[in-house]
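Since the structure comes first, as structure tokens, the remarks are kept for the end.
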Amino acid sequence: MSACNSMKYQESNDNLQFLHQEISQWRESPSEKTVYAPKEETIFLSGGLTLLQDKLIESALNSLGIRYISLPNPNFASFQTGKAYGNRGQCNPTYFTVGNLVKYLQKLRDEQGVSAEEIVRKYVYVTAGGCGPCRFGMYITEYKKALRDAGFEGLRITAFEHNKGIYQGEEIEDPLIEYTPTFFVTLIKAVIIGDIINILGYKMRPYEAEAGSVDRAIEECRKLVADAFLQKRSPLKTMWRCRSILEKVTLNRLQPKPKVMVMGEFWAAMTEGDGNYNLHRFLEAEGAECIPQPIINRLMLSLWEAEQKLYQSETLESETSKSIDFSAVKTRMMLKAGKAAVKLYFTLYAKAIGLHDYHIPNIDKLADYSKSYYTLECEGGEGHLEVAHLLESVKENLAHLVISVKPFGCMPSSAVSDGIQSLVTARHPEANFLAIETSGEGAANFHSRVQMALFKAKQAAKEEFEALKIPEKLPEKVYNYLYQPTNRKAGSAAKLIASL
């Protein structure tokens, strides 16, 4: 843009004129007042989770009467759009998500003929907010800046605090979305079901006898679950119907494939697309089995952090402290009820569809693993989870390779967690660990580093499998995904043979 090309940055090394200039504050509010559409006409936009979960959340919220659209998966064009309209020095998730929103609105305007004024009047973007030791707290400002420069100044953004749970919007007089318990229960159900189906997909896809059969079965399950939300049918019975669909998929699970745990910064480790160079699918194409990090892990960490804050506030000494203080009883009860509800829903849905060998992470146990390395009060990013997952993988032999993926320059993940991981790997030299950053470009270098780490993992998986004696006659259950033995072997094929 000509306006950008003619911009000259002030060089303050030898120019001190700015010292006596009047200080002015940049304001986020639009220059002109906009008359927005009423709630019943408002359309909400969001996205950014896994492909399956975004679609399930769309159906779940539509079932509550909320006009909600899940944005398409961010791609490299989204990244380029984000860089064109965003500030310098932002991280990958910012560029991809900001650019994805702008790209979607431009398509509405340019291809579907919806005017920019109508878009601003009717549409609302929903995103997560909060503070922390990184650029996460700047996301909303970045959205507003990019929207203004793209011609959509004034488009509303409503944010929910990622650590407030059901207390969202208590201080808002006229919220755009009613953050009721029904809203959160429905949302969490969609997220949990998405997690469960995603976990099964990653377990089954590397061993499918017919390419694409697992994806077709999962898409059929997605449609069933989405329809169950819209028709107000039981998700539990629907998950049982999904079991019969997945059972029809033919698997050959006696192939020694390395297990790769993918963790790291929340968005970079979870997204399925150009945001992490399609890492999960790349690993599968290279002959590996992925262990993804489900969103429920982050949810349980948020509940754990809330409990820790409550405990710390209760143990602080104060001159005005009461001998018996009931002010935190409600919060404590809500936290316990929240944890119990999440575990109950996950267990019921997982058993119904046939996921037997996955357990919700015990955050207290993970904290014990990492507390001698990581200050537990440091809550930035994923907190102590990155360090804990590597230690858990080594001590419990969960994976042949652990990959920690994060945006370029991510402060909590790169500067803090990766710095500590060097001590972990020094004390546990058997750990096969790769910390790798994404920047939007450089896929060839990224994939090359993953391939080098994967070579060692393949050798480990092969040696583990060949050390076992394969029985002459194998029962049919080894080819059925419902048979999920638990033992100290890391690879799926080795687990099956060891169980026999």
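Worth pointing out:
- Verdict on Ser414 being of a type in the set (Gly, Ala, Ser), assigned to a helix (DSSP H, G or I) and surrounded by 22 or more Cβ atoms within 10 Å (Cβ to Cβ): no
- Selection count where residues are at negative phi and in contact with a Lys or Arg (Cβ under 7 Å, 6 or more places away or on another chain), scope region 353-368: 2
- In region 352-366, residue surrounded by the most Cβ atoms within 10 Å (Cβ to Cβ) [restricted to those that are out of contact with any Pro (no Cβ under 8 Å at 6 or more places or on another chain) and in a loop (DSSP other than H, G, I, E, B)]: Leu355
- Condition met for Gly491 (surrounded by 15 or more Cβ atoms within 10 Å (Cβ to Cβ) and at positive phi): no
- Boolean, Thr97 is under 30 Å from Ala415 (Cβ atoms), hydroxyl-bearing (Ser, Thr, Tyr) and surrounded by fewer than 21 Cβ atoms within 10 Å (Cβ to Cβ): no
- Count of region 274-312 residues, restricted to those that are on the phi > 0 side of the Ramachandran plot and either free of Cβ contacts under 8 Å to residues at least 12 places away in the same chain or surrounded by 19 or more Cβ atoms within 10 Å (Cβ to Cβ) (or both), is 2.
- Hey, Leu335 among the hydrophobic types (A, V, I, L, M, F, W, C) and over 25 Å from Phe446 (Cβ atoms) or not: yes
- Residue within region 387-395 that is among the β-branched types (Val, Ile, Thr) and within 21 Å of Phe96 (Cα to Cα) present: no
- Selection status of Arg222, touching a residue at least 24 places away in the same chain (Cβ under 8 Å), closer than 13 Å to Tyr481 by Cβ and either surrounded by fewer than 17 Cβ atoms within 10 Å (Cβ to Cβ) or not assigned by TED's automatic domain parsing to the domain that holds Ile157 (or both): no
Table: residues versus (1) at pLDDT below 80; (2) over 30 Å from Ser422 (Cβ atoms).
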| residue | (1), (2) |
| --- | --- |
| Glu317 | yes, yes |
| Thr320 | yes, yes |
| Ala328 | yes, yes |
| Tyr345 | no, yes |
| Lys351 | no, yes |
| Gly354 | no, yes |
| Asp364 | no, no |
| Tyr369 | no, no |
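- Restricting Tyr349, Tyr369, Tyr345 to residues that are in contact with a helix residue (DSSP H, G or I) (Cβ under 9 Å, 6 or more places away or on another chain), touching a residue at least 12 places away in the same chain (Cβ under 8 Å), surrounded by 13 or more Cβ atoms within 10 Å (Cβ to Cβ) and more than 30 Å from Val214 (Cβ to Cβ) narrows the list to Tyr369.
- Count - residues of region 367-382 that are of a type in the set (Gly, Ala, Ser), part of a loop (DSSP other than H, G, I, E, B) and within 22 Å of the chain's Cα centre (by Cα): 2
- Among the candidates Val424, Val450, the residue that is under 29 Å from the mean Cα position of the chain (by Cα), over 14 Å from Ile403 (Cβ atoms) and among the hydrophobic types (A, V, I, L, M, F, W, C) is uniquely Val424.
- Set side by side, the residues Leu391, Leu376 differ, and just one is modelled with pLDDT of 95 or more and surrounded by 12 or more Cβ atoms within 10 Å (Cβ to Cβ), which is Leu391.
- Wholly enclosed helices (runs of 4 or more DSSP H) of region 91-199 bearing at least 3 residues at pLDDT 90 or above and closer than 21 Å to Arg298 by Cα: none
- Test result for Phe455, more than 21 Å from Ala209 (Cβ to Cβ), modelled with pLDDT of 90 or more and among the aromatic types (Phe, Trp, Tyr): yes
The values are calculated or read from the model by the stated rules, or taken from the named source; none is laboratory data. Not measured: the values here are computed from a predicted model. For neighbour counting, all protein chains shown are included, and Cβ atoms are generated from backbone atoms with ideal geometry for every residue, glycine included.
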